[in-house]
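In what follows, a single structure is set out as structure tokens and then discussed.
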Amino acid sequence: MKHVYLAMLVMIIVLSDSLNAQKFDGIALTPPMGWNTFNTFAGNFNEKLVREMVDIMVNSGMKDAGYEYVIIDDNWTGPRDSLGFLTVDKSRFPSGMNAMSAYIHSKGLKLGLYSDAGYQTCGGYIASRGHEFQDAIMFARWEADYLKYDWCNTEGLNAAGAYTTMRDALYAAKRPMLFSLCEWGNNKPWEWAVTVGHLWRTTGDICNCWDCIEDYGTYKKFGVIGIFDMQNGLRQYAGPGHWNDPDMLEVGNGKMTMSENRAHFSMWSMLAAPLIAGNDLRTMKKEVIEILTNREVIAIDQDSLGIQGFRYNAADSLEVWVKPLMKGDWAICFLNRSTKAKKVNFDWAQNIIIDAFSKRTLNTNETEYILRDLWAKKDIGNAKKNLIADVLPHDVFLVRMTIRSK
Ligand code: GLA
């Protein structure tokens, strides 16, 4: 009899524990930063390449600037073992995932892995459907810190259900992991995923251009500006621990001008988007490093208030974006979408910016600010007179407004 009571007690504890399943709290309080294999390498990578990237992340200053996660995207899983546990593709990772993980951690960085809610990943590799709890245990054994979870081959699955199952599996495996939902916005994850994951993709994949569409028949990829425009209306869903994800960066991938790279990086920062680089770090030019490691721009993205910016107005291909920051500061960004240079002439007195969402007002008649051009890296006076600047085609003029202490 005693044994029966004991067994019942254990069952109750196990059950109540799984009922209490939740996402891991206290991680991704600012948008995650890192580097991911997919944008440049798709399926062409192995442990040697990942190690090289890790080394460069450290030596180039990226790590010091905040890039933290090294994310091994699709195309790394091997067959399941006799007990059903996931293995790693030995041809790509001959030293095994534990060795890869140890290397990444030894450099002070964190490991991100990728799987998919279907039986197979988008690249046709083995994925987690039906093995969610077992895979989560394996990810934890490999000491992963981040899971990107894709949505290919999921016909008939309920998205909120499938992602919640993996959330519960990660929680049960007891290793805090950042959970990145890659469901492309199909089922409006911003409406249900706040308690499920730490970020959710809002769109299909980005591609390497400023403004183009790559059509693959059953799906399309969009350039930077296309993806950017699709973020409209989602601002209120983002905040510390749960971010909108407009996909990874194409900065430095070779098909955009430096202006476009700068604008892309600035706009992702104004959106409080994850900053996940996807370029070949081995060949990156000095200008690209300077963009990716501009700490003052990164500080706009990583501001601990965690409020996504918004478009204040747009006229003649010039958009004005603002983002409320900690301690009463603001970022203001002028985006030139045209192929011609534009002049900014912004009259503060005429523009009192009211943000109903954050309940903040930018009124330079009442508050004094010191202005700093974050790309030129210089102070540019105050807001007592019009803000004037020339903006190159597909570029930005990005300014931090710091409250002048009384
Ligand atoms: C999907 C995702 C991408 C990438 C690939 C990998 O397209 O949206 O970000 O992970 O799969 O195959």
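The values are calculated or read from the model by the stated rules, or taken from the named source; none is laboratory data. The structure displayed is predicted, hence computed values, not measured ones. Glycine gets a Cβ as well: all are built from the backbone with ideal geometry, and neighbour counts include every protein chain shown. In case anyone asks, the SASA skips ligands and DNA or RNA and just uses the protein heavy atoms, side chains included. Shrake-Rupley method; radii C 1.70, N 1.55, O 1.52, S 1.80 Å.
Per the listing Thr257, Thr202, the residue uniquely hydroxyl-bearing (Ser, Thr, Tyr), within 18 Å of Arg337 (Cβ to Cβ) and assigned by TED's automatic domain parsing to the domain that holds Leu157 is Thr257. Selection of first residues in the stretch 370-390 that are over 20 Å from Glu287 (Cα atoms) and in a loop (DSSP other than H, G, I, E, B) and of second residues that are among the β-branched types (Val, Ile, Thr) and open to solvent by less than 40 Å² (accessible area, probe 1.4 Å), restricted to Cβ pairs under 8 Å at least 6 apart or on distinct chains, gives the following pairs, ordered by first then second residue: Ala383/Thr364; Lys384/Thr364. So which residues in the stretch 208-255 are open to solvent by 50 Å² or more (accessible area, probe 1.4 Å) and within 16 Å of the ligand (Cβ to nearest atom), if there are any at all? Matches in the stretch 208-255: Ile213, Glu214, Asp215, Tyr216, Gly217, Thr218, Tyr219, Lys220, Phe222, Met230.
Taking the conditions exactly as written (farther than 20 Å from Ile403 by Cα and open to solvent by less than 70 Å² (accessible area, probe 1.4 Å)), does Leu362 satisfy them or not? In short, no.
With respect to Val70, determine if the residue is surrounded by 18 or more Cβ atoms within 10 Å (Cβ to Cβ), within 21 Å of the chain's Cα centre (by Cα) and among the aliphatic types (A, V, I, L, M). Criteria met by Val70.
For Trp375, are the conditions met, namely being surrounded by 15 or more Cβ atoms within 10 Å (Cβ to Cβ) and in contact with a helix residue (DSSP H, G or I) (Cβ under 8 Å, 6 or more places away or on another chain)? Yes. Does Ile56 qualify as being surrounded by fewer than 24 Cβ atoms within 10 Å (Cβ to Cβ), of a type in the set (Val, Ile, Thr) and within 30 Å of Gln302 (Cα to Cα)? Criteria met by Ile56. You will find that of Glu319, Glu290, the residue that is more than 20 Å from the chain's Cα centre (by Cα) and either outside the structural domain of Ile388 (by TED's automatic domain parsing) or part of a strand (DSSP E or B) (or both) is Glu319 and no other. Looking only at the stretch 163-207, residues that are within 14 Å of the ligand (Cβ to nearest atom) and not basic (Lys, Arg) come to 16 in all.
Condition first: open to solvent by less than 20 Å² (accessible area, probe 1.4 Å), away from the ligand (no atom under 16 Å from the Cβ) and more than 18 Å from Gly161 (Cα to Cα). Now tell me which residues in the stretch 112-138 satisfy that. None; the set is empty.
In the stretch 139-162, the residue that is farthest from the ligand (Cβ to nearest atom) out of those that are among the aliphatic types (A, V, I, L, M) and open to solvent by 30 Å² or more (accessible area, probe 1.4 Å) is Ala160. Hey, can you tell me all the residues within the stretch 304-323 that are in contact (Cβ under 8 Å) with a residue 60 or more places away in the chain and among the aliphatic types (A, V, I, L, M)? Answer for the stretch 304-323, where residues must be in contact (Cβ under 8 Å) with a residue 60 or more places away in the chain and among the aliphatic types (A, V, I, L, M): Ile307, Leu318.
Residues of the stretch 183-205 that are without any contact (Cβ under 8 Å) to a residue 60 or more places away in the chain, on the phi < 0 side of the Ramachandran plot and hydrophobic (A, V, I, L, M, F, W, C): Trp190, Trp192, Ala193, Val194, Trp200.
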